[in-house]
1. Given the conditions (1) within 16 Å of the ligand (Cβ to nearest atom); (2) closer than 20 Å to Thr215 by Cβ; (3) surrounded by fewer than 17 Cβ atoms within 10 Å (Cβ to Cβ); (4) free of Cβ contacts under 8 Å to residues at least 40 places away in the same chain, report the number of the one that Leu71 does not fulfil.
2. Search region 17-32 for residues being in a helix (DSSP H, G or I), more than 7 Å from the ligand (Cβ to nearest atom) and touching a strand residue (DSSP E or B) at 6+ places or on another chain (Cβ under 8 Å), and hand back the single one that is nearest to Ala117 (Cα to Cα).
3. Tell me whether region 282-302 contains one or more residues that are within 11 Å of the ligand (Cβ to nearest atom) and either at pLDDT below 90 or over 17 Å from Ala158 (Cα atoms) (or both).
4. Any chance region 245-267 includes a residue that's of a type outside the set (Asp, Glu), without any contact (Cβ under 8 Å) to a residue 24 or more places away in the chain, crowded, with 16+ Cβ neighbours inside 10 Å and closer than 18 Å to Trp178 by Cα?
5. Do we find that Ile78 is under 26 Å from Ser267 (Cα atoms), part of a strand (DSSP E or B) and at pLDDT 95 or above in this structure?
6. I'd like the full set of residues that are near the ligand (Cβ under 6 Å from one of its atoms) and either surrounded by 21 or more Cβ atoms within 10 Å (Cβ to Cβ) or within 11 Å of the chain's Cα centre (by Cα) (or both), limited to region 36-45.
7. Identify, by number, the condition in (1) over 24 Å from the mean Cα position of the chain (by Cα); (2) more than 22 Å from Arg73 (Cβ to Cβ); (3) in a loop (DSSP other than H, G, I, E, B) that Arg246 doesn't meet.
8. Considering region 4-16 alone, what residues qualify as being in a loop (DSSP other than H, G, I, E, B), over 17 Å from Phe59 (Cβ atoms) and touching a residue at least 60 places away in the same chain (Cβ under 8 Å)?
Amino acid sequence: MSKKKNTEFDVIVIGAGPAGATAAIMLAKSGMSVGLLDKASFPRSKPCLGWVNGNVSKFLEELDVASKQLLSRPIKRIAFHNGELSKSAVPTLKSSPGYLIDRAVFDERMANAAKRAGSTLIEKCEVTRLEPHESGVSVHNAKGKTYQCKLLVLANGASDDFRRQVGIGRSNSSEVRWSALIEQELEGKSKGNAANADVDIVLGVTPQNGLAILTRQKDKVSLTLNSAGKEESIREQFLDLATRLREKELLDADFPIGSKSVKCAVSNLGPALELDSHVGKHTLLVGDAGGFIAAVSQEGIYPAMWSAKIAAEVIESAMKAESSQDALMTFETKWRLEMGDYLRPPNTDLQLLAPLIFSNQPMTDRMASAFFFGENI
Ligand SMILES: Cc1cc2nc3c(=O)[nH]c(=O)nc-3n(C[C@H](O)[C@H](O)[C@H](O)COP(=O)(O)OP(=O)(O)OC[C@H]3O[C@@H](n4cnc5c(N)ncnc54)[C@H](O)[C@@H]3O)c2cc1C
């Protein structure tokens, strides 16, 4: 397909995170000219707990991203706790449900794979405005440069920035969620062990079903609280939880609890299943930009890659179709069919289910499957 100069592409992908890089790899492999634009340069840091579910390895293989090193820390032990930290339960794992990853390295490898596949990665390119027109979209950046494409993939993370400009309404979901995070670099203290990767999950931390996850890597301990609600109150509840985790010795005494160590960001503008549309003028929304986050675990990397894979398949057919816009519309049905069950919250209210998770081993095991693989409980 066509690439006239390095400002004109068949497809432009905005954002080179897991969603954007996946789309760029697949589209470039299918022969399209792809511009992959990111305001950052790689490696870039991204607040993250660094866990992915086991199915990610299959995706990486399909994308020709070497996974052995990226997925070298299988999760060996997980434990659930109730919000008061008075009860715990350890699921029986037949095999590792996922991996702990170094997020900066993971995203850099993905962006590099997109380059290897033939797409043009343009770093330090902050997109400021989109202008859809008859035959495509003009993409303007902060340096005053304009890029042209026939079709666009919006993979710019949890941001509402461009939805309106491509004709998609703003998210009006009541379910905007925040993530508060504290990370502790272990700097050679070697507290952890690569063979003993570890995840603790605290359920029902806030009245809005807040979920806290603690991951222990060889060189880093990370704690996050993900909840709907007001940022200030989430920060407070987060610090309170961290203090209680320390008292219970689930965190070390030197874990840096203090408002200055907390990073807080919007993690989800509303679940994909509640958004009116993911299809704009010549445009598809994928990853966090489209709310593709698992309801139980708030996992985002795997659904970002999955939604982008489906989007790339749709774009491939749209490029050959008489009306590309009609073909793009099939994205909505396709992702709902493929990902709906995985993204959907469980049929049962988790608050009601919680006591069983701590008293009934089969229920603990089912909660683990719901958490890691989006299975119903
Ligand atoms: C604290 C925290 C911890 C998390 N931990 C986990 C976890 O352990 N496991 C998990 O699966 N998920 C986790 N998530 C969710 C996960 O990080 C996201 O779901 C995932 O990053 C989504 O990928 P993406 O490609 O859609 O977006 P991103 O990874 O956010 O990538 C978006 C890219 O777009 C670029 N961009 C943004 N705006 C512009 C612009 N205007 N112009 C050009 N480029 C732009 C950014 O620089 C960025 O590189 C966590 C989220 C938070 C907030």
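1. Failed condition: (3).
2. Of the residues in region 17-32, the ones in a helix (DSSP H, G or I) are 18-29.
If we keep only those that are more than 7 Å from the ligand (Cβ to nearest atom) as well, we get 21-29.
Filter again for touching a strand residue (DSSP E or B) at 6+ places or on another chain (Cβ under 8 Å), leaving 21, 23-24, 27-28.
Numbers: Ala21: 10, Ala23: 11, Ala24: 8, Leu27: 9, Ala28: 6 Å.
Within region 17-32, the match that is nearest to Ala117 (Cα to Cα) is Ala28.
3. As a first pass, look at region 282-302 and keep what is within 11 Å of the ligand (Cβ to nearest atom): 285-294, 297-302.
Checking the rest, the ones that are also either at pLDDT below 90 or over 17 Å from Ala158 (Cα atoms) (or both) come to none.
No, every residue in region 282-302 fails to be within 11 Å of the ligand (Cβ to nearest atom) and either at pLDDT below 90 or over 17 Å from Ala158 (Cα atoms) (or both).
4. Scanning region 245-267, I find no residue that is of a type outside the set (Asp, Glu), without any contact (Cβ under 8 Å) to a residue 24 or more places away in the chain, crowded, with 16+ Cβ neighbours inside 10 Å and closer than 18 Å to Trp178 by Cα, so the answer is no.
5. Values: under 26 Å from Ser267 (Cα atoms): yes; part of a strand (DSSP E or B): yes; at pLDDT 95 or above: no.
Spelling it out, it is not the case that Ile78 is under 26 Å from Ser267 (Cα atoms), part of a strand (DSSP E or B) and at pLDDT 95 or above.
6. Leu37, Asp38
7. If we test Arg246 against (1) over 24 Å from the mean Cα position of the chain (by Cα); (2) more than 22 Å from Arg73 (Cβ to Cβ); (3) in a loop (DSSP other than H, G, I, E, B), just (3) comes out false.
8. First, pick out the residues of region 4-16 that are in a loop (DSSP other than H, G, I, E, B): 4-7, 15-16.
Cutting the leftovers down to over 17 Å from Phe59 (Cβ atoms) gives us 4-7, 15.
The answer is Asn6, Thr7, Gly15.
The values are calculated or read from the model by the stated rules, or taken from the named source; none is laboratory data. The structure displayed is predicted, hence computed values, not measured ones. All Cβ positions, even for glycine, are placed from backbone atoms using ideal geometry, and neighbour counts span all protein chains on display.
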